[in-house]
Ligand SMILES: Nc1ncnc2c1ncn2[C@@H]1O[C@H](COP(=O)(O)OP(=O)(O)OP(=O)(O)O)[C@@H](O)[C@H]1O
Ligand SMILES: [Mg+2]
């Protein structure tokens, strides 16, 4: 089993050497709808380590899919180069393609073939392939082997699209927004599937997402991309701790509390309050360990109630907001 720690230990100073995926100075220029051109990918450089789940996080139009397509050899960069397992995505495309798995959007499958037939067909494109039934079994779709993609639920179709990327038993799997449009339960099931592909089957996974939680939960490292540029790259914990953002302590009280008193609690930087049936207070603090006990002490002395207390640590969402100046989804 590969853990994040092992991956970190595995990392060498020479990042691009021995990388599962290497992206160097990639620029992709497209015609602009208003005339002229623009850079959809604007000088990206990063590498993915073997055994890693690597998340590319960014808003709509950030250049995530374009970057994946360039790495997969589906389109060429305007300049720069990419490689997978040392094989150049353009010059050694044929050899590279036997080593990678590419998830297609479920809607783009032939609608007249069954799941089993589709997997057999895809498998026939490769010198070595995994038996269709084994793949379907892996994602709990064996009983649907005679079904058409159009007869699957959203979550099932998405699981199928992932397993279809595994027909050639690839070393590196690319998933472009694997859980978009799924409900939270189906999303969690898919996370388990992706973890299994990584931990259990030992495959390197590169995925794009615009769900913060997904990037945080699944990825060993996350690249934040905005306007085709790399804004940050680190482990989720590293990204969060690099951010000098405070925790927030939120509680409510049946009656109003003097905010100037709350301001004096240890660690507290700012106090916000809102009235929503009860009076809710949000203390931003760099030290919840000191703030919370002091808050209860103050409550017993000044005789106010502290209800529904929660402490929120900064999240990737805060990192994103801090770096790009906006929320991922407005
Ligand atoms: N073939 C194309 N011709 C012109 N512009 C394109 C083309 N493909 C993508 N673009 C533009 O390039 C930019 C990056 O698109 P891309 O699909 O890579 O974004 P993305 O990060 O995958 O977004 P999303 O989260 O919506 O999938 C967008 O502004 C898009 O409109
Ligand atoms: Mg995309």
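The values are calculated or read from the model by the stated rules, or taken from the named source; none is laboratory data. Predicted model, so just to flag it, every value in this text is computed and none were measured. Heads up, the Cβs are rebuilt from the backbone with ideal geometry, glycines too, and the neighbour counts pull from every protein chain shown.
Taking the stretch 300-316 on its own, how many of its residues are surrounded by fewer than 16 Cβ atoms within 10 Å (Cβ to Cβ) and at negative phi?
Let us first name the residues in the stretch 300-316 that are surrounded by fewer than 16 Cβ atoms within 10 Å (Cβ to Cβ), namely 300-303, 305, 307-313.
This time we only want the ones that are at negative phi, so: 300-302, 305, 307, 309-313.
Number of matching residues: 10.
In this structure, residue 84 does not satisfy being touching a helix residue (DSSP H, G or I) at 6+ places or on another chain (Cβ under 6 Å) and at pLDDT below 95.
Kindly evaluate residue 280 against the criterion of being in the same structural domain as residue 303 (by TED's automatic domain parsing) and either under 15 Å from the mean Cα position of the chain (by Cα) or under 26 Å from residue 321 (Cα atoms) (or both). It is true that residue 280 is in the same structural domain as residue 303 (by TED's automatic domain parsing) and either under 15 Å from the mean Cα position of the chain (by Cα) or under 26 Å from residue 321 (Cα atoms) (or both).
Looking at residue 174, is it touching a residue at least 24 places away in the same chain (Cβ under 8 Å), assigned by TED's automatic domain parsing to the domain that holds residue 308 and assigned to a strand (DSSP E or B)? So residue 174 does not fit the description; no. Among the helices (runs of 4 or more DSSP H) confined wholly to the stretch 60-170, which include 1 or more residues that are within 16 Å of ligand 1 (Cβ to nearest atom)? Once the helices (runs of 4 or more DSSP H) in the stretch 60-170 are filtered for at least 1 residues that are within 16 Å of ligand 1 (Cβ to nearest atom), what remains is 64-71, 154-164. Across the stretch 171-186, the number of residues qualifying as surrounded by fewer than 22 Cβ atoms within 10 Å (Cβ to Cβ) and out of contact with any helix residue (DSSP H, G or I) (no Cβ under 7 Å at 6 or more places or on another chain) comes to 6.
Which of the residues spanning the stretch 213-228 are more than 16 Å from ligand 2 (Cβ to nearest atom) and surrounded by fewer than 21 Cβ atoms within 10 Å (Cβ to Cβ)? Passing the criteria: 213, 217.
For the stretch 112-139, filtering for residues that are within 20 Å of residue 189 (Cα to Cα) and out of contact with any helix residue (DSSP H, G or I) (no Cβ under 7 Å at 6 or more places or on another chain) leaves 2.
Checked across the stretch 197-207, the condition of being under 27 Å from residue 230 (Cβ atoms), without any contact (Cβ under 8 Å) to a residue 60 or more places away in the chain and surrounded by fewer than 21 Cβ atoms within 10 Å (Cβ to Cβ) holds for no residue.
Give me the strands (runs of 3 or more DSSP E) completely within the stretch 240-330, filtered to those with at least 1 residues that are out of contact with any strand residue (DSSP E or B) (no Cβ under 8 Å at 6 or more places or on another chain), ordered by residue number.
Details: elements: 247-253, 268-276, 278-285, 307-312.
Passing ranges, in order: 268-276.
You will find that of 148, 121, 152, the residue that is surrounded by fewer than 20 Cβ atoms within 10 Å (Cβ to Cβ) and within 25 Å of residue 89 (Cβ to Cβ) is 121 and no other. The condition of being surrounded by 13 or more Cβ atoms within 10 Å (Cβ to Cβ) and in contact with a helix residue (DSSP H, G or I) (Cβ under 7 Å, 6 or more places away or on another chain) holds for only one of 265, 233, 295, that being 265. Within the stretch 273-290, is even one residue in contact with a helix residue (DSSP H, G or I) (Cβ under 8 Å, 6 or more places away or on another chain) and surrounded by fewer than 17 Cβ atoms within 10 Å (Cβ to Cβ)? Yes, the stretch 273-290 has at least one match.
Selection of the stretch 55-81 for residues being crowded, with 23+ Cβ neighbours inside 10 Å and away from ligand 2 (no atom under 16 Å from the Cβ) yields only 77.
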